[in-house]
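Each remark here refers to the structure printed beneath this line.
The values are calculated or read from the model by the stated rules, or taken from the named source; none is laboratory data. None of the values given here were measured: they were computed from a predicted structure. Note that each Cβ is placed from the backbone with ideal geometry, even for glycine, and that neighbours are counted across all protein chains shown. The accessibility values were calculated without ligands, DNA or RNA, using every heavy atom of the protein model including side chains. Shrake-Rupley method; radii C 1.70, N 1.55, O 1.52, S 1.80 Å.
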Amino acid sequence: MQLTTAPLSMANVLERQPDLLDRISVLVDQLKGCCSRRELQSVFASMIKISADQDCFSMNQFISRCSSMSQSDLADSALAQIEEPNVFVYNAMIRGSVQCSRPLQALEQYRSMSRADVRPTSYTFSSLIKGCGLAKALRFGESVHGGIWKSGFNWHVFVQTALIEFYASFGGVAESRKVWDEIQDGERDVFSWTTMISAYASAGDMLSARRLFDGMHERNTATWNALIDGYARSGDSISARSLFECMPVKDIISWTTMIACYTQEQRYQEAVAMFKGMIASGLIPDEVTMSTIISACAHLGSLDIGREIHYYIMQNQFQLDVFIGSSLIDMYSKCGSLERSLMVFYKLRERNLFCWNSLIEGLAVHGLAKGALLMFSKMESEKMNPNWITFVSILNACTHAGLVNEGQRWFMRMKEDYRITPRVEHYGCMVDLFSRAGLLEDALGLIRSMEFEPNAFIWGSLLGGCRVHRNLEIARVCGDALMSLEPNNTGHHMLLVNMYAENNRWGEVVNIRRTMKGNGVEKEFPGQSWIEIGGETCQFAASDGNHAVSDQLFFFLKKLDAQIRLSNIDMHSICTNY
DNA sequence: CTAGGGTTAG
């Protein structure tokens with residue numbers, strides 16, 4: 001006997017199960033309490049059992065819950081189950097796909113919605129336009145905009161706000177403004193104002209952003225934050241800070257924005273101070289705050305503060321997500337503790353490219369080339385595709401280990417097997433690789449073969465190699481290039497001066513000195529560095545005498561210097577005895 | 001049902 005599965009209409013089902021609506025509401029309540037995939041699956045099974053899988057309201061709830069828990073494949077199978085999905089179901093799917101960063105899928109769902117002749121609503125368009133922005137689908141978004149006009153939703157503020165953001169993400173602030181101007185007077189709310197301010201800010205037009213902000217009668221914290229972030233990104237930490245100081249209510253986003261602002265400006269101590277201020281004000285930081293502050297600690301090289309913060313993370317039950325994970329990996333390796341980096345890496349339950357790159361970079365700078373290459377192959381076996389940053393680390397690993405042939409092989413593979421166009425950074429690595437190995441002609445040849453202008457980093461690497469391998473001819477070429485590229489960089493010029501002096505070419509020495517004086521670069525500030533003594537971070541410069549720094553720091557540096565000299569002698573004897 | 005903050009390389 002064959003069972004025919006004629007679609008059961010809800011009326012039909014209700015006849016057979018008079019208490020169905022009660023059962024459904026029980027399941028929907030259960031759904032809200034779900035916090036694992038298994039629980040979701042079990043609720044789904046119960047839904048099928050009572051034939052609620054054809055009830056669009058229940059399925060809408062189910063799909064929304066799946067999406068908010070990033071279980072988009074469960075949402076997919078739910079959609080496939082429904083024979084006649086209505087607009088609510090499609091809206092939930094489209095919104096969910098965008099939430100789960102699968103924008104292309106959202107566009108696909110919109111297409112099948114149109115094919116099924118289901119009429120879109122304003123909800124459909126606001127999610128869909130967001131998806132077009134994420135998918136970088138300008139043309140598709142524009143055609144959707146046309147559809148919006150046809151269906152009359154161009155007068156809907158939510159849709160208009162989405163469009164403002166959409167055009168801004170493609171750099172079309174003028175288009176954003178056009179949409180904004182079309183919003184009817186009574187309809188313009190804080191959201192749309194804030195979005196328009198962000199649009200100007202992301203275009204770097206802080207004047208227009210500010211004008212809009214000043215013209216607002218009603219602002220909320222998000223509005224302030226948007227403007228602060230705009231100033232921060234344009235490198236104006238002064239304006240960002242003064243807005244931050246005078247805003248009426250600060251939330252964690254305001255504080256995080258300021259921390260990120262100082263981190264981006266490489267003012268890491270101020271970033272840490274901000275973080276402490278946030279804690280002192282009684283606010284609880286979240287994962288976003290933590291990954292930002294960890295990055296600041298990484299650059300400070302302060303293992304003490306870094307460990308304090310890692311402890312804080314473990315104490316306060318933060319999610320060890322990919323952001324916190326990769327910043328911790330980077331922080332530990334920059335602070336000299338590769339063991340801890342690896343421990344964090346293995347603890348992560350999800351790893352993205354950032355996590356892998358941070359670890360490979362850590363191994364590379366610690367001179368563990370084999371480790372870096374091993375992790376690279378593990379990464380590939382887990383189907384994670386490397387990007388150009390991965391290869392900067394791989395090439396660096398080869399350089400630090402002196403693996404010239406290996407490095408050349410990877411440079412070729414990067415281009416041919418991985419289809420990654422070499423950037424100036426990669427050439428920099430290769431020039432460094434050749435230069436350190438003494439292959440100065442090869443390095444120069446590579447520079448000449450480049451399709452773009454070499455930068456100061458590249459010439460500087462070669463100059464460094466010339467110094468070690470005593471090649472005055474090529475050094476001169478580097479010096480000439482550097483003199484025009486970075487006339488203010490005393491480091492390069494002094495290196496060249498020293499080389500000429502060693503060769504008793506005093507005429508050249510006088511020449512360079514004269515040029516430097518002509519450029520007025522003698523008063524250039526020397527390199528700054530930091531060191532941590534007993535939890536205190538002390539700053540010092542290359543030329544600081546004992547009068548410029550504390551006694552404690554001075555003696556510490558003396559001791560460090562002696563240790564370095566000793567280990568250099570050690571290294572030298574090891575090399576010569578070999 | 002919308003908006004404001006995040007990680008690697010340089």
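Quick look at the values:
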item: Region A:332-364, residues that are surrounded by fewer than 21 Cβ atoms within 10 Å (Cβ to Cβ), within 8 Å of DNA strand B (Cβ to nearest atom) and either at pLDDT 95 or above or in a helix (DSSP H, G or I) (or both); result: A:353, A:354
item: Residue check, residue A:329 assigned to a helix (DSSP H, G or I), open to solvent by less than 20 Å² (accessible area, probe 1.4 Å) and in contact with a Leu (Cβ under 9 Å, 6 or more places away or on another chain); result: yes
item: Filtered residues of region A:297-326 (kept if free of Cβ contacts under 8 Å to residues at least 40 places away in the same chain, closer than 16 Å to residue A:266 by Cα and of a type outside the set (A, V, I, L, M, F, W, C)); result: A:299
item: Answer from A:197, A:252 - the residue that is among the β-branched types (Val, Ile, Thr), over 30 Å from residue A:156 (Cβ atoms) and at pLDDT 95 or above; result: A:252
item: Breaking point among (1) more than 13 Å from DNA strand B (Cβ to nearest atom); (2) of a type in the set (A, V, I, L, M); (3) open to solvent by 30 Å² or more (accessible area, probe 1.4 Å), for residue A:52; result: (3)
item: Meets criteria (over 19 Å from residue A:325 (Cβ atoms), without any contact (Cβ under 8 Å) to a residue 60 or more places away in the chain and out of contact with any Pro (no Cβ under 7 Å at 6 or more places or on another chain)) for residue A:356; result: no
item: Region A:269-322, residues that are under 17 Å from the mean Cα position of the chain (by Cα) and buried (at least 21 other Cβ atoms within 10 Å of the Cβ); result: A:289, A:290, A:291, A:292, A:293, A:294, A:295, A:296, A:297, A:298
item: Per-region count, region A:439-474, residues within 30 Å of the chain's Cα centre (by Cα), surrounded by 22 or more Cβ atoms within 10 Å (Cβ to Cβ) and farther than 21 Å from residue A:487 by Cα; result: 0
item: Odd one out for residue A:493 among (1) modelled with pLDDT of 80 or more; (2) under 22 Å from residue A:431 (Cβ atoms); result: (1)
item: Of all residues making up region A:341-363, the number that are assigned by TED's automatic domain parsing to the domain that holds residue A:397 and closer than 17 Å to residue A:301 by Cβ; result: 3
item: Residues being open to solvent by less than 70 Å² (accessible area, probe 1.4 Å), more than 9 Å from DNA strand B (Cβ to nearest atom) and closer than 21 Å to residue A:124 by Cα - total across region A:176-203; result: 6
item: Residue match in region A:231-243 (condition: exposed (fewer than 15 other Cβ atoms within 10 Å of the Cβ), within 24 Å of residue A:163 (Cα to Cα) and within 9 Å of DNA strand B (Cβ to nearest atom)); result: no
item: Residue list for region A:114-130, restricted to those being surrounded by fewer than 18 Cβ atoms within 10 Å (Cβ to Cβ) and either touching a residue at least 60 places away in the same chain (Cβ under 8 Å) or over 13 Å from residue A:152 (Cα atoms) (or both); result: A:114, A:115, A:116, A:117
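Rundown of residues vs (1) in a loop (DSSP other than H, G, I, E, B); (2) at pLDDT below 95; (3) more than 17 Å from residue A:64 (Cβ to Cβ), yes/no style:
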position: A:95; (1), (2), (3): no, yes, no
position: A:101; (1), (2), (3): yes, yes, no
position: A:104; (1), (2), (3): no, yes, yes
position: A:109; (1), (2), (3): no, yes, no
position: A:112; (1), (2), (3): no, yes, yes
position: A:119; (1), (2), (3): yes, yes, yes
position: A:133; (1), (2), (3): no, yes, yes
position: A:136; (1), (2), (3): yes, yes, yes
position: A:145; (1), (2), (3): no, no, yes
